[in-house]
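A.B. asks: Shown below is the structure under consideration.
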Amino acid sequence: MTFYSIRQRTLTLVLLLGLSPLLNLHASEGAREADLKAAFLYNFARFAVWPVDVVPVGGPLTICVLGDWFVAQSLEAATQGKTIGGHSLIVTRLKDDGALRSCQILYAGRVDKVRALKLLSALEGLAVLTVSDLDSFTEIGGTATFFIDDNRMRFTVNMDSARRSKVQLSAQLLRLAKLVTSK
């Protein structure tokens, strides 16, 4: 085993141990998947940095969830009373596209490509980390996409999108991702 794979496995273990409250898995597969997505979203918040004019020192960090109430419920339970880097965490359930500008992370679950493009267009130029489970999300300009590989949840990151959003993702997080570019 190489030093790199040991570091990668160690980071994965640290990420998962930090999420142990999130991984209190429910009986159904759907709930288990929602818990995993919530765990990843929580860690994205832990391993990302927003410009100080977007998330001021001591200001709240807002994670918005659109279209997947199971993920929102898991995330609400997992983040209750927690802070990241001195920022309180707020989970907001969005019913429409109106409150997008208040988000630092937007998880758009169960959206189709047309709606995803509309969301990305509305957020253009804003420091919002966009995440979805839509297969082509990172290819059309989203920041991260969840996918299943060999019965494990993984994620892709579009580095061009991350740069445009001005959200800095840590090298530790990027080592775990499959990196893609916009088409």
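The values are calculated or read from the model by the stated rules, or taken from the named source; none is laboratory data. Note that the structure is a prediction, hence the values are computed from the model and not measured. Virtual Cβ from ideal backbone geometry, glycine too; neighbours counted across all protein chains shown. These accessible areas exclude ligands, DNA and RNA; they are computed on the full protein's heavy atoms, side chains included. Shrake-Rupley method; radii C 1.70, N 1.55, O 1.52, S 1.80 Å.
A.B. asks: Under 5 Å between amide hydrogens, which residues at least 5 positions from residue 180 or on another chain qualify, with H placed 1.01 Å from N in the peptide plane?
C.D. replies: 157, 158, 159
A.B. asks: In nm, to one decimal, how far is the modelled label at residue 160 from the one at residue 80, with both set 7 Å along Cα→Cβ?
C.D. replies: In this crude label model, residue 160 to residue 80 measures out at 4.2 nm.
A.B. asks: Can you compute the modelled spin-label distance between residue 182 and residue 168, with each label point 7 Å from Cα toward Cβ, in nm?
C.D. replies: 2.2
A.B. asks: With labels modelled as points extended 7 Å from the Cα through the Cβ direction, what inter-label distance (nm, one decimal) is found for residue 135 paired with residue 95?
C.D. replies: A separation of 3.3 nm, rounded to one decimal place.
A.B. asks: Let me ask something additional. With every protein chain kept in place and ligands, DNA and RNA left out, what is the accessible area per residue of segment 78-117? Probe 1.4 Å, answer in Å².
C.D. replies: Working: 2230 Å² over 40 residues.
Ligands and nucleic acids excluded, the figure is 56 Å² per residue.
A.B. asks: What residues have an amide H closer than 5 Å to that of residue 65, excluding those fewer than 5 places away on the same chain, when H is modeled at 1.01 Å from N in the peptide plane?
C.D. replies: Result for residue 65 returns 92, 93, 94, 107.
A.B. asks: Now for a separate question. Heavy-atom accessible area per residue, segment 136-182, 1.4 Å probe: how many Å²?
C.D. replies: 49
A.B. asks: So, with a 1.4 angstrom probe, what is the percent of accessible area on segment 29-136 that is carbon and sulfur?
C.D. replies: On the way: 2700 of 4970 Å².
Answer for segment 29-136: carbon and sulfur cover 54 percent of the accessible area.
A.B. asks: Taking the Cβ of residue 169 as the centre, find all other residues whose Cβ is under 13 Å away and add up their charges (Lys, Arg: +1; Asp, Glu: -1). Could you put the intermediate results ahead of the total?
C.D. replies: Working: positive: 46, 163, 164, 166, 175; negative: 160.
Net charge in that neighbourhood comes out at +4.
A.B. asks: Now for a separate question. Semi-axes of the equivalent ellipsoid for segment 48-109, please: Cα gyration tensor eigenvalues, times 5, square-rooted, ordered largest first, whole Å. Can you show the working numbers first?
C.D. replies: On the way: eigenvalues 78, 43, 12 Å².
The equivalent ellipsoid of segment 48-109 has semi-axes of 20, 15, 8 Å.
A.B. asks: Next question. Place the peptides 147-159, 58-70 in order of packing, highest mean first, counting for every residue the other Cβ atoms within 10 Å and averaging per peptide. Walk me through the numbers before you get to the answer.
C.D. replies: On the way: 147-159: 14.2, 58-70: 19.4.
For the peptides 147-159, 58-70, the packing ranking is 58-70, 147-159.
A.B. asks: A further question follows. Express in nm, to one decimal, how much length is gained between residue 88 and residue 115 on full extension, taking 0.36 nm for each residue of separation and deducting their alpha carbon distance.
C.D. replies: Values: separation 27, 0.36 × 27 = 9.72 nm, distance 2.95 nm.
Result for the pair: 6.8 nm of gain on full extension.
A.B. asks: If you wrap a convex hull around the C-alpha atoms of segment 55-183 and split its volume per residue, what is the figure in Å³? Kindly include the intermediate steps, with their values, before the conclusion.
C.D. replies: Values: hull volume 14.8 nm³, N = 129.
Convex hull of Cα atoms, per residue: 115 Å³.
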